[in-house]
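The values are calculated or read from the model by the stated rules, or taken from the named source; none is laboratory data. Small disclaimer: the values here were computed from a predicted structure and weren't measured. Heads up, the Cβs are rebuilt from the backbone with ideal geometry, glycines too, and the neighbour counts pull from every protein chain shown. Ligands, DNA and RNA are stripped out before the accessible areas are found, and what is left, the full protein with its side chains, is counted by its heavy atoms. Shrake-Rupley method; radii C 1.70, N 1.55, O 1.52, S 1.80 Å.
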Amino acid sequence: MSLPPPRRADHDIDPVFVKRHSPRAFTGEAVPEAELMRMIEAARWSPSAYNSQPWRFLYALRGDAHWETFLGLLVPGNQKWVSGTGAILFLVSNGLMKVGDELKPSYSHSFDAGTASLAFQLQAIHQGWHAHGMVGFDHVRAPEVLRLPENHRIEAAFAVGRKTPEAELTEEQRPRETPNGRRPITDFTIAGPFPPAAD
């Protein structure tokens, strides 16, 4: 079977952005804690309102005391493939930030956590791993099990691992492991304000 054509950007960008995708076929290799900390270190340097750094990373490494608990919080469809990864994380944001001596609601805590998420994922690629983000987890149980403090929100879960090489994929895996494309920039970029609404 021939390989699919490579993903191509329409404009000249760093290849790491095109290389990032969300595989579901993983080798089962454990993620060393030091490797995971490098990914989180990259997230640490992300921008945030008032430098509030509202992100919190809760993690479990394959085989540790938290692994089965974290895996059990995912929906069954995700549990099936995440069981082959080496780390599971929940990205949480704090809805309050300190401004001077005052705690105030943060308008951008989810957005800021999103910037940390991308830095985390791109650093994973740089280290030879892949991070697959998902919102398919138990939204009712997870806050209780993870003992979320007040004003905190789970933004997403992530599974990190070594993706299975193309040559080792099964025929069933191949179609869904082909990285998808993107809409053209013209679909979501507008010079000036939105056009007037049609009458």
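In summary, region 30-93 shows an alpha-carbon radius of gyration equal to 1.25 times the 2.2 N^0.38 Å reference for compact globular proteins.
Annotation: per residue accessible area for region 102-199 equals 67 Å², rounded to a whole number [probe 1.4 Å, protein chains only]. Helical content of the chain, expressed as a calculated mean residue ellipticity at 222 nm, amounts to -7500 deg cm²/dmol (DSSP H runs of 4 or more residues, -39,500 (n - 2.57) each, divided by residue number, nearest 500).
Only protein atoms count toward the accessible area here, which uses a 1.4 Å probe; on the chain, the carbon and sulfur part of that area reaches 55 percent. Cα centroids of region 125-165 and region 70-96: 4 Å apart. Placing +1 on the Cβ of every Lys and Arg and -1 on the Cβ of every Asp and Glu, with no other charges, gives the chain a dipole of roughly 140 debye about its Cα centre. Residue-normalised convex hull volume from the C-alpha trace of region 67-191: 175 Å³ per residue.
Between rounded, prolate and oblate, where does region 103-150 land on the alpha carbon gyration tensor, with a ≥ b ≥ c its root eigenvalues, rounded for a/c under 1.5, else prolate if a/b exceeds b/c? Write down the numbers at each step before the final one.
Numbers: a/c = 2.78, a/b = 1.36, b/c = 2.03.
Judged from the Cα gyration tensor, region 103-150 comes out oblate (a/c at least 1.5, b/c at or above a/b).
Take every pair of alpha-carbon atoms less than 8 Å apart whose residues are at least six positions apart; their mean separation over the length of the chain yields a relative contact order of 29 percent. Based on alpha carbons, the Rg and Dmax found for region 58-130 are 15.6, 46 Å.
S52 sits among other residues whose Cβ lies under 10 Å from its own Cβ, and their net charge, with Lys and Arg +1 and Asp and Glu -1, is +1. Taking only alpha carbon atoms, region 1-152 gives an Rg to Rh ratio of 1.00, where Rh is the Kirkwood radius.
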